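Worksheet for the structure shown next.
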């Protein structure tokens, strides 16, 4: 009788464990998608900043170019070739 009771108790615990595991996977997926979105937005912001730098360089506005290049380097830890 106790073996049967232990078996049924283990069957009751199994859905709880599976729901915890499923919740953990769902949370990890949510944060993975959030990181992908942040990376995508960051890449777009980087491209926009590079376009602004190239426009400032073409207009020969050295003050604006220096400011944009300094801001870009501070944000992204590298300097685009248009700043050199």
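Summary table
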read-out: Calculated P(r) tail over 15 Å for region 36-84, as whole % of Cα pairs; value: 41 percent
read-out: Distance in nm between pseudo-label sites at residue 38 and residue 81 (7 Å out along the Cβ direction from Cα); value: 3.1 nm
read-out: Separation in nanometres of the label points that stand 7 Å from Cα toward Cβ, at residue 73 and residue 58; value: 2.4 nm
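Where a number appears in this text, it was derived from the coordinates with a stated rule and is not lab data. What you are looking at is a predicted structure, and each value in this text was computed from that prediction instead of being measured. Every residue, glycine as well, gets a Cβ built from its backbone with ideal geometry; the counts of neighbours run over all protein chains shown.
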